[in-house]
Structures are given as C-alpha cells and as structure tokens.
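Here the structure comes first, spelled out in structure tokens, and everything after it is commentary.
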Amino acid sequence: MLSLLRLNKQMHKKIKDEINKDPLIIPRAEHGISRKDIDEPALKVLYRLHNAGYQACLVGGAVRDLLLGHHPKDFDVATDATPEQVSKLFRNCRLIGRRFRLAHIHFGRQIIEVATFRAPHGETHEEHHDTSGRILRDNVYGEIYDDVWRRDFTANALYYNIADFSVIDYVGGVKDIKDHRLRLIGDQETRYREDPVRMLRAIRFAAKLGFSIDEACKQAILKLGPLLADIPSARLFEEVLKLFHSGHAEESFFTLQQYDLLKYLFPDAVDGLSDANTHEFIRLAMHSTDNRVRLDKPVTPAFLFAALLWAPVKRQTELNQESGMPHAVALQKAAAKFISRQVQQVSIPRRFSSTMRDIWALQSRFRYRSGRRAYGVLHHPKFRAAYDFLCLRANAGDAEMEACQWWTELQEKTPEQQKKILSAAKTSPRKRRRKPRKKVPPQTGSTTLS
Ligand code: ATP
Ligand code: MG
C-alpha cells in the first residue's frame, strides 16, 4: 500500500512539472471571446470580485465553449477570494458542499458557481487519497497556478481573466481545442483513479464536442472502467443525465459502448443490445431525446431508463406469464426486479421509477380501442410518454405500426370526436355486477345462522 501511495505522490509531482509555470497569455486581440457572449450575471460576478480586489476568471467549460463559438450552458467562475469572502460580496449567495465548498450566486433561475482556487495536496497526498487513489478531500486553497492541475482535461483548464480579458493557458488547452483533442492533464491512470467519473466526462465531451480521445486515454478507460462500480449511484445518476440530456445522447450512447462502459451503468441492458430490434429501439429513443432537447421540449429520465430496461423487463414478464402469472402481475414483478437491480448501479429517484412502471404497463393496454379501458389509456397522466414509447417500438419492429397509427389519429381528433370513437364500442364498458350484500344477522346474542 505504501508503495502505491508513494507512486501516486511521484505522479502528482509529474503533473505539476508538466504544467508550465509561465502560462501562455492570449491577449484579447488574439482570441474570439467577447463579453457580449458572456451572460450578464456571470459578468456581474466577475466584475464585482475584480472591483473588490480579487482575481476573477471565467473557467472550465464556459471558456472552452466560447473559444469554440458555442454558447455555454453554464458559467463557472474561479477566484482567489475564499467562499466566505465571496459570500460577503453578494446578498444572493449560498455556500454549498462539504468536500468542495463552493459559492452559488443566484440570479433568478440562473446560478453562477464560484470556486476558490485550490492547491495540490503535495506532501500530504496520503491524507487526501484512499488506497485506490481516489481523492477524499480537496479543500486546500491556492493560487491560479495551483488550481490548474486539479482540472480534468486541458480544454477545461483555461481561464478568461476579467482584469484584462486575456485567456490564461498553462497546459496547451487552446491548441488542443483548435485540434479538437481531449487530453487529460497528467498521468491518465492516476487521474482516472482519483475520480473515475472523469471517464464518463471523457465520453461526454468526446460525444458533445466531436473531440478525439487518444489511444493511451482509450486504453486507460478500457482498463479502469470497473472503478465506476465504486462510485455512489446518486452521482452516477447525475452524470448519466448529463450524458443523455444534453442533446448528444445518441453519440454518447455509442461512445459508451465503444469504450465498454455501458455495462457499469446499465448492466441489464447490455445483453439485449446484440438483438438488432432492441439496439435500434434504444438508438431511436436516444435520437428522439436529442431532438426534444434541441427543440427545448421537456425530457424525463424515466423515458430513457424505461427504454434501456425494456428488453429484459419484457422477457422476464413473458417468463413470469409462462409460469402462470396474469400479465399485470408478471409485469409488476419483472419491473420490480430490474428496477431494484438497476438502482444499485445508477440510482433512479422514485418519481422516475414510478413513471417507468406506468410506461411499461401502458404498452399492453394500447390494444384497447374502445370503451372505458381505452378512455383510461388516453387520459392516463403518462399517456404521452407511453405513446411515444409505443411508436418508437413500432419503428424498431417491436410493436405493430398499426397501433401507433391508430393512437396517433385518435389524438388528432377533437375531444367530442374521441368520445364518439371510443364509445362506438362493440365491447362497451362492462357493467360491474354488484355482489349481493351480505346480510348482517340481527344481534340476537346467537352466532349461528339458520
Ligand atoms: P459542461 O459544458 O457540461 O458544463 P464543464 O466542463 O463546464 O462542461 P462542469 O461539470 O460544469 O463541466 O465542470 C466545470 C469545470 O470543473 C470543468 O471544466 C473542469 O475544469 C472542472 N471539473 C468538473 N468536474 C471535474 C472532475 N470530476 N475532475 C476534474 N475537474 C473537474
Ligand atoms: Mg460547466
């Protein structure tokens, strides 16, 4: 164990050596970042910190995206002010996090995250890492130069300095962005061991930005993928959302497969993927999620999770039915089995797992075309998600296209017409036969009934 720790320590020294102490400073005239592309709240935060005498830089994905000419989805700020000093400057500030103490400055629904520059652990490395090399604590404040090494990829380690509008580059990130290359700072293995989620981040950035991952990085991911098993399932849920709800789900899904990481996130989904229909169905589900994100339509994680687990749930339902269970019970049992296995890897908050069950349960109910049951399907709160699910299945050859068409046409009708169609039923709603009430015997003191 000691030798492993010593090794980690040496590697960290190597990372520090790799970072150029004299950064490349790219002046305003030589880069494309303009203040008009930075959201107003982020500029406010940067200026207020700067005017109070602190260093203040835009950092991370925002700088990367601005250099690529994209509009960043969020703006992160790094400063030499401590979280407490930041909080004194902003009334709308909340301090969050234990392991990483951060300041969140709230502007309506937008949050600007402000992090204090952090230092490497240096001599006290052992105290900050567990035996597999994972970072345990990371709260030693430092200088901007110190802050660079703990970032993941060179493209994410650039600082846009509000003092003179320059970009500060210690690690060759600007060139890597130009070359569309994702390069981890320091030794691959050490950095992935420190935080295995970086492997998922690599996949996400490769898919989102179209950046290449070099061979050494790929090999490291193939080797270290199993470390994802130790990551808390709630953190993986957050990461999966970023992978699949940022408009690049389809590409991310294929990249995860290519790097053999899918099995650590959705172990029960992997086997089914060798079946062409299942594969196509999941691809379509990812594709349609991407379209919805691009059109700013709402998306729910329940839909993709339901799609990923559909094949095993369906198979298990059939098996349960073969052993004599009625369909509804068979499905319920299958759903419970696969959801409880799934949450061991990637957690699913209950509101989403209950929607998954609804989506699955409605699939067989689409066969009702009339009467109270069909009406119930149409007005089910999860009808729309379940209907989309059905049509994707039909497109992938897993359900009748006719069913998708029938329900599509029904929705195009007015509520009056829908009522007419559904009640023009041959199989009109079955009247429930009332059970004859049990007569309560008069309280005569005797318990025997004649
Ligand atoms: P996105 O466009 O998805 O927001 P991002 O690069 O901004 O991408 P964030 O998760 O917002 O990603 O993180 C902001 C920055 O914090 C990153 O650019 C990176 O410098 C650093 N960072 C975040 N997570 C990690 C991590 N697990 N390991 C190292 N650095 C990280
Ligand atoms: Mg970000």
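The values are calculated or read from the model by the stated rules, or taken from the named source; none is laboratory data. Fair warning: this is a prediction, and the values are worked out from it, not measured in the lab. Neighbour counts are summed over all protein chains in view; Cβ atoms, including those assigned to glycine, are modelled from backbone coordinates with ideal geometry. Accessible surface is based on the protein model in full, side chains and every heavy atom, while ligands, DNA and RNA are left aside. Shrake-Rupley method; radii C 1.70, N 1.55, O 1.52, S 1.80 Å.
Filter the range 59-83 down to the residues that are charged (D, E, K, R), within 12 Å of ligand 1 (Cβ to nearest atom) and in contact with a strand residue (DSSP E or B) (Cβ under 9 Å, 6 or more places away or on another chain) and list them by number. Give the derivation first.
Going through the range 59-83, the residues charged (D, E, K, R) turn out to be 64-65, 73-74, 76, 80.
This time we only want the ones that are within 12 Å of ligand 1 (Cβ to nearest atom), so: 64-65, 73-74, 76.
Scanning the range 59-83 gives R64, D74, D76.
Does L222 satisfy the criteria of being open to solvent by 50 Å² or more (accessible area, probe 1.4 Å), modelled with pLDDT of 95 or more and in contact with a Phe, Trp or Tyr (Cβ under 7 Å, 6 or more places away or on another chain)?
On the way: open to solvent by 50 Å² or more (accessible area, probe 1.4 Å): yes; modelled with pLDDT of 95 or more: yes; in contact with a Phe, Trp or Tyr (Cβ under 7 Å, 6 or more places away or on another chain): yes.
Considered against the rule, which asks whether it is open to solvent by 50 Å² or more (accessible area, probe 1.4 Å), modelled with pLDDT of 95 or more and in contact with a Phe, Trp or Tyr (Cβ under 7 Å, 6 or more places away or on another chain), L222 comes out as yes.
Which of the residues belonging to the range 80-92 are surrounded by fewer than 18 Cβ atoms within 10 Å (Cβ to Cβ) and in contact with a Ser or Thr (Cβ under 7 Å, 6 or more places away or on another chain)?
The one that is surrounded by fewer than 18 Cβ atoms within 10 Å (Cβ to Cβ) and in contact with a Ser or Thr (Cβ under 7 Å, 6 or more places away or on another chain): T82.
Within the set of pairs 6+ apart or on separate chains, which have a first residue in the range 45-63 that is without any contact (Cβ under 8 Å) to a residue 40 or more places away in the chain, a second that is of a type in the set (D, E) and away from ligand 1 (no atom under 16 Å from the Cβ), and C-beta atoms under 6 Å apart?
So the pair list comes out as Y54/D80.
How about the range 171-211: which of its residues are open to solvent by 50 Å² or more (accessible area, probe 1.4 Å) and not in a helix (DSSP H, G or I)?
D179, H180, R181, R183, G210
Search the range 148-174 for residues that are in contact (Cβ under 8 Å) with a residue 12 or more places away in the chain and near ligand 1 (Cβ under 10 Å from one of its atoms) and pair each with any residue that is open to solvent by 10 Å² or more (accessible area, probe 1.4 Å) and among the acidic types (D, E) when their beta-carbon atoms are under 9 Å apart and the residues are at least 6 apart or on different chains.
W149/E18; D152/D195
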